[in-house]
């Protein structure tokens, strides 16, 4: 194979490694982010919104209580001892630790439609949780009918609250709202609705900026995927080295004709860099587009650009390094033998 | 032959850093291949199993304190269990000498495979092998003779996914139930259990809609149990498999270039060997040994670290054979195309 072809093959391998790096990074980061704590144990689709301007809307003005039955909404109020919950998809159903028919139950659709002042109280002791008369734990105006109790280990518990109340019984939504659903389209619709009412998206699990500690793999699968990909880089370095070794004659002839090390490198690597930079960019775009439809997208556009630049720099450096190593060996051995 | 292998191992020592990278790569790559194939196979099996199940289950949520018309509620349930559907509840019966008896009261059209003997009678009673001394059981003031003893200690899974054994349990099977005769309308707990444990034949869609309509009256909310999600399969097919294909492809392409260099490095040695009577096969074996030993070492490290289970070893062997065959395919034309006599001039390799 001629040098030119080998050079292009090197660049193509680099493009392939770029796409595998992208996949493995997405995987590792996705798993890291998925393992992170989410408020109230919501799913990774959750969105946190914060009120910016005055909004006196109640929940039924934002959503359609009859049809939007696959969303969960939690709203927090500052200076109040309760949070409000709208959960017709029974996401928190299992937070009720005592299943006692006839005494305890979960929020029903009727509660939401009729704005009943139902709520969940926080039990402070175990005897209260299991045996206490739950109807004594009501508070006028907030939770007039207590339907079940939770303890402080529950997902719904936050410090400083005593009640989780039916959201439709409260007049307006709070300062902080969490929405969550399996149906991302519906989620977006509600998000737009809330944004137009004066809320601002404060936190989304997707598209968060990646921190260094997220990149470090932790579980076995992450390490394996990460290491399989990482091992490709040294193999790639050896490939470049062997490629230059195979074409040492070209290096020597260039040397004999009086080229300096840097000039020879520029001359020999022009095609490689062109193919590598353009090919890697195309591969990144292809992967980005492909992954977007395949799985939830965790890696934002800037992280992808950083990844791409990093990859091009690393492969370029490895290419240059293997060239320099081969050049050095030439210098030591001298060029005498080839003058003959 | 032994000589060739020895030379191959020496090559590994000479190229130790390269070999180390290869070991790291193959160790991880093979683990990914085996574990994803394994989980893909298992998930597929599970989904097949789920499809094969004839009976549909439901998820039940308690949203009311009590049914508005309990008699009506139970009557509706009785209608549903007449055919193609059944349910059960778990109660404790009191026995004089033994104490509490774990009893399952099964209402409805029970599938044949659940109880070997399909019993003709309206009310039939089965006891586990540990309770064979029981002859009669009194329920609701009526005496019933025990119809048969379940031989052996059969394992069965309750709907809560707990595994139980039949040996100390009593099963009362009521095939065409009027639940009101058996359950008092104030016993909401049993009602909840019955609804929760209901299974309806998948084919009988009318019965299913009837059930959902009758039950969702404010006391309980019933939803169809979601089918097992195929997320993991989709993840493997769309995410890990392309990843594997890409890293394998790039590894193969790297290897072609690396082999070029490795042969070039040793071309004088090879030429001398050929002059002294070695065959091309010997050289071929020498280079292949390089990769075989690398793969063996990575498998060994995997076993040592506990990543590779011994039962999966055959799969690894299969995979390694495939990789070696691909490498041999890359190597053969390279060795054949060389002109060895040219490389013996003074001046060495250029």
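Given the criteria in the same structural domain as residue B:23 (by TED's automatic domain parsing) and farther than 30 Å from residue A:249 by Cβ, does residue B:308 qualify?
Values: in the same structural domain as residue B:23 (by TED's automatic domain parsing): yes; farther than 30 Å from residue A:249 by Cβ: yes.
Criteria met by residue B:308.
Please find, within the stretch B:80-102, the residue that is farthest from the other protein chains (Cβ to nearest Cβ) out of those that are surrounded by fewer than 19 Cβ atoms within 10 Å (Cβ to Cβ) and closer than 21 Å to residue B:186 by Cβ. Even if it seems obvious, please write down each step before you answer.
Initially, the stretch B:80-102 is screened for residues surrounded by fewer than 19 Cβ atoms within 10 Å (Cβ to Cβ), giving B:82-83, B:90, B:92-102.
With the extra rule that they be closer than 21 Å to residue B:186 by Cβ, the set shrinks to B:90, B:92-94.
Values: B:90: 14, B:92: 16, B:93: 20, B:94: 22 Å.
Among those residues, the one meeting the criterion is B:94.
Restricting the stretch A:117-145 to residues that are under 38 Å from the mean Cα position of the chain (by Cα) and within 14 Å of chain B (Cβ to nearest Cβ) leaves a set whose member that is surrounded by the fewest Cβ atoms within 10 Å (Cβ to Cβ) is A:118. Residue A:50 satisfies every condition listed in (1) part of a helix (DSSP H, G or I); (2) out of contact with any helix residue (DSSP H, G or I) (no Cβ under 6 Å at 6 or more places or on another chain) except (1). Of the residues making up the stretch B:260-278, those that are surrounded by 18 or more Cβ atoms within 10 Å (Cβ to Cβ) and at the interface with chain A (Cβ under 8 Å from one of its Cβ atoms) number 4.
Out of everything in the stretch A:93-110 that is crowded, with 19+ Cβ neighbours inside 10 Å and more than 8 Å from chain B (Cβ to nearest Cβ), what residue ends up being nearest to the chain's Cα centre (by Cα)? Among residues in the stretch A:93-110 that are crowded, with 19+ Cβ neighbours inside 10 Å and more than 8 Å from chain B (Cβ to nearest Cβ), the one nearest to the chain's Cα centre (by Cα) is A:95.
Which one of B:184, B:175 is at pLDDT below 80 and either within 14 Å of chain A (Cβ to nearest Cβ) or surrounded by fewer than 19 Cβ atoms within 10 Å (Cβ to Cβ) (or both)?
On the way: B:175 fails: either within 14 Å of chain A (Cβ to nearest Cβ) or surrounded by fewer than 19 Cβ atoms within 10 Å (Cβ to Cβ) (or both).
Exactly one residue qualifies, and that residue is B:184.
For the stretch A:100-117, how many residues meet the condition of being part of a loop (DSSP other than H, G, I, E, B) and either touching a helix residue (DSSP H, G or I) at 6+ places or on another chain (Cβ under 8 Å) or outside the structural domain of residue A:154 (by TED's automatic domain parsing) (or both)?
Taking the stretch A:100-117 and keeping what is part of a loop (DSSP other than H, G, I, E, B), we get A:100-108, A:115-117.
Then keep just the ones that are either touching a helix residue (DSSP H, G or I) at 6+ places or on another chain (Cβ under 8 Å) or outside the structural domain of residue A:154 (by TED's automatic domain parsing) (or both); that gives A:101-104, A:106, A:115-117.
Summing the residues that are part of a loop (DSSP other than H, G, I, E, B) and either touching a helix residue (DSSP H, G or I) at 6+ places or on another chain (Cβ under 8 Å) or outside the structural domain of residue A:154 (by TED's automatic domain parsing) (or both) in the stretch A:100-117 gives 8.
Taking residue B:41, is it under 30 Å from residue B:140 (Cα atoms) and either under 32 Å from the mean Cα position of the chain (by Cα) or buried (at least 20 other Cβ atoms within 10 Å of the Cβ) (or both)? So residue B:41 does not fit the description; no.
Annotation: of all residues in the stretch A:288-313 being in contact with a helix residue (DSSP H, G or I) (Cβ under 7 Å, 6 or more places away or on another chain) and in a helix (DSSP H, G or I), the one that is modelled with the lowest pLDDT is A:294.
Among the candidates A:18, A:1, the residue that is within 14 Å of chain B (Cβ to nearest Cβ) and more than 27 Å from residue A:303 (Cα to Cα) is uniquely A:1.
Just name the residue that is modelled with the highest pLDDT out of those in the stretch A:130-154 that are in a loop (DSSP other than H, G, I, E, B) and closer than 23 Å to residue A:114 by Cα.
Step one: list which residues in the stretch A:130-154 are in a loop (DSSP other than H, G, I, E, B), which gives A:131-133, A:138, A:140-142, A:144, A:151-154.
Those left that are additionally closer than 23 Å to residue A:114 by Cα: A:138, A:140-142, A:144.
Numbers: A:138: 73, A:140: 73, A:141: 73, A:142: 75, A:144: 80.
Looking at residues that are in a loop (DSSP other than H, G, I, E, B) and closer than 23 Å to residue A:114 by Cα, I get A:144.
Among the residues of the stretch B:268-276, are any at pLDDT below 85, closer than 26 Å to residue B:331 by Cα and touching a helix residue (DSSP H, G or I) at 6+ places or on another chain (Cβ under 7 Å)? So far as the stretch B:268-276 goes, yes, one or more of its residues are at pLDDT below 85, closer than 26 Å to residue B:331 by Cα and touching a helix residue (DSSP H, G or I) at 6+ places or on another chain (Cβ under 7 Å).
Taken residue by residue, the stretch B:233-254 has at least one member that is more than 32 Å from the chain's Cα centre (by Cα), closer than 23 Å to residue B:21 by Cα and buried (at least 21 other Cβ atoms within 10 Å of the Cβ).
Identify the single condition in (1) modelled with pLDDT of 85 or more; (2) closer than 30 Å to residue B:236 by Cα that residue A:262 does not satisfy, given that it satisfies every other one. For residue A:262, the failing item is (2).
Take the residues in the stretch A:67-84 that are in contact with a helix residue (DSSP H, G or I) (Cβ under 8 Å, 6 or more places away or on another chain) and surrounded by fewer than 21 Cβ atoms within 10 Å (Cβ to Cβ); name whichever of them is farthest from residue A:149 (Cα to Cα). Of everything passing the filter in the stretch A:67-84, A:68 is farthest from residue A:149 (Cα to Cα).
Is at least one residue of the stretch B:43-58 within 8 Å of chain A (Cβ to nearest Cβ), part of a helix (DSSP H, G or I) and free of Cβ contacts under 8 Å to residues at least 12 places away in the same chain? It would help to see each step written out before you state the result.
We begin by selecting, within the stretch B:43-58, every residue within 8 Å of chain A (Cβ to nearest Cβ); these are none.
The answer is no; no qualifying residue exists.
Might you let me know whether the stretch B:218-239 holds any residue that is within 12 Å of chain A (Cβ to nearest Cβ), part of a helix (DSSP H, G or I), touching a residue at least 12 places away in the same chain (Cβ under 8 Å) and closer than 30 Å to residue B:288 by Cβ? No; the residues of the stretch B:218-239 include none that is within 12 Å of chain A (Cβ to nearest Cβ), part of a helix (DSSP H, G or I), touching a residue at least 12 places away in the same chain (Cβ under 8 Å) and closer than 30 Å to residue B:288 by Cβ.
On the basis of being on the phi < 0 side of the Ramachandran plot, surrounded by fewer than 16 Cβ atoms within 10 Å (Cβ to Cβ), assigned by TED's automatic domain parsing to the domain that holds residue A:46 and without any contact (Cβ under 8 Å) to a residue 40 or more places away in the chain, does residue A:196 make the cut?
Numbers: on the phi < 0 side of the Ramachandran plot: yes; surrounded by fewer than 16 Cβ atoms within 10 Å (Cβ to Cβ): yes; assigned by TED's automatic domain parsing to the domain that holds residue A:46: yes; without any contact (Cβ under 8 Å) to a residue 40 or more places away in the chain: yes.
Considered against the rule, which asks whether it is on the phi < 0 side of the Ramachandran plot, surrounded by fewer than 16 Cβ atoms within 10 Å (Cβ to Cβ), assigned by TED's automatic domain parsing to the domain that holds residue A:46 and without any contact (Cβ under 8 Å) to a residue 40 or more places away in the chain, residue A:196 comes out as yes.
Only residues that are within 14 Å of chain B (Cβ to nearest Cβ) and either modelled with pLDDT of 90 or more or in contact with a helix residue (DSSP H, G or I) (Cβ under 9 Å, 6 or more places away or on another chain) (or both) were counted in the stretch A:314-340, giving 13.
The values are calculated or read from the model by the stated rules, or taken from the named source; none is laboratory data. As the structure is a prediction and not an experimental result, all values here were calculated from the model. No Cβ is skipped: glycine too gets one built from the backbone with ideal geometry, and neighbour counts run over all protein chains shown.
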